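Bear in mind these aren't lab numbers, they're just calculated from the coordinates by the rules spelled out. No experiment lies behind these values; they were computed from the predicted model shown. Here the Cβ is made from the backbone with ideal geometry for all residues, glycine too, and neighbour counts use every protein chain on show.
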Amino acid sequence: TSAYVPKLYAVVDILRDPQKYGIRIPAVANKPVLQEINPGVQMDLAVAARFAGISTQELKDLNPAYHKWATAPNGPYHLLLPINKVKSFKVALANNKRENLRTVRHTVRSGDTLGALAVKYNTTVKDIQRANNLKSTQLRIGQHLSIGVKGASLVSKPKVSPSHISSRTHTVKSGESLWNIAKKYNTNVANLRRWNNLSANSTLRIGQKLTVKHSVSNTSTKQSSVRWTQYKVRSGDSLSVIAQRHDVSVSELMKWNNISKRHYIKPGQTLKLRTKT
C-alpha cells in the first residue's frame, strides 16, 4: 500500500485539476471501448488473442485475472475484448471449434514422456511445458500435469440402443452434489447438466427439481467407474470452492480427508478426491 495508494491519490488530484499540473487530458468519447464476452468453453489465451486479432500480451493486460495460459477449466470463461474486435472473435470461434479447449489432469506413470503424452492427448510438447511451467522435458513418477485437449469434450457420450427414454424428477436434498446424484441414477454429471441447462459453475440449492432421464430398454451404456485423484490446495481455495469445482459436496471432501469443522486447509495441502469417469 505504501506504493500504489499515494499514486492513486495523485491521479485523482490530477484528474480534478489537470491545468494546475500543466497536463492536458485529451477529450474521450463517452462510449464503451471494451466488451465482456463468454465463449462458453475453456480457451487457450494465445488462441483467443489470435481470434480477436490482438496480441497475447494485450489480451492478458485486459484480463489480468488469468495468470496461466488458458481460462479456467470449469469457468468462468469471460473475456474482456476491445469492442471493435468482438465480431471477428465470434466469427473465428464459430469457424474453429477444434481450437476449443478442455483440461485433463494426468498423473505421470513409469515410462511416460512429454512426447508420448503429446501424442496421446493430441497436443505438443511445447504446449504441455507452457501449461505446467516446465523448464525441461524430464518428468517424475507421480507428478501431476494439466494438459489442454482441443476440439472435444472429455465426457464420452454413452451408446444407447433405440428405445423409449423416460424421465423422473429428483428433488435436491441437503449435502447433495451433481456427482452423487449422477452416481445414484447411474449417469454422469455432463448428462445432468445438459438435461437441466446447468452451466459449469451452477450451484444446487435444497429443494431444486432436477430432471433425470433413463432408457427403459436394453442399452450398451457402460457403467461409470470411480477413481481417486489428488488435488493440491492453492492460495484462495476453500472447501466450498473445491467442492463446487469438482462437483462434490463439502461433507464428502471432509469425510474423504478426515477434516473436522475445526480444521482449515492451507496452500500446498493435498486432498483426496473421488471422481467419476
Discussion item. Just to compare against my own numbers: the Cα pair-distance distribution for the range 165-215, 10 Å bins, whole % per bin, please.
Written reply: 25, 65, 9
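Can you give the convex hull volume per residue for the Cα atoms of the range 34-98, as a whole number of Å³?
Details: hull volume 4.8 nm³, N = 65.
Dividing the Cα hull volume of the range 34-98 by its residue count gives 75 Å³.
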Worksheet item: Let a ≥ b ≥ c be the square roots of the eigenvalues of the Cα gyration tensor of the range 100-150; is it rounded (a/c under 1.5), or, if not, prolate (a/b larger than b/c) or oblate?
Response: prolate
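Could you tell me the calculated FRET efficiency between GLN230 and ALA10, based on Cβ-Cβ distance and R0 = 35 angstrom, to the nearest 0.05?
On the way: r = 48 Å, r/R0 = 1.36.
Computed FRET efficiency for GLN230 and ALA10: 0.15.
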Fill in: Cut-off under 5 Å, modelled amide H: who pairs with GLN42 long-range
LEU101
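Please tell me which of these pairs span more than 27 angstrom C-alpha to C-alpha: LYS126/LYS232; LYS31/LYS90; LYS87/LYS232; LYS60/LYS255; LYS90/LYS135; LYS7/LYS135?
On the way: LYS126/LYS232 24 Å; LYS31/LYS90 21 Å; LYS87/LYS232 39 Å; LYS60/LYS255 39 Å; LYS90/LYS135 34 Å; LYS7/LYS135 37 Å.
Beyond 27 Å: LYS87/LYS232; LYS60/LYS255; LYS90/LYS135; LYS7/LYS135.
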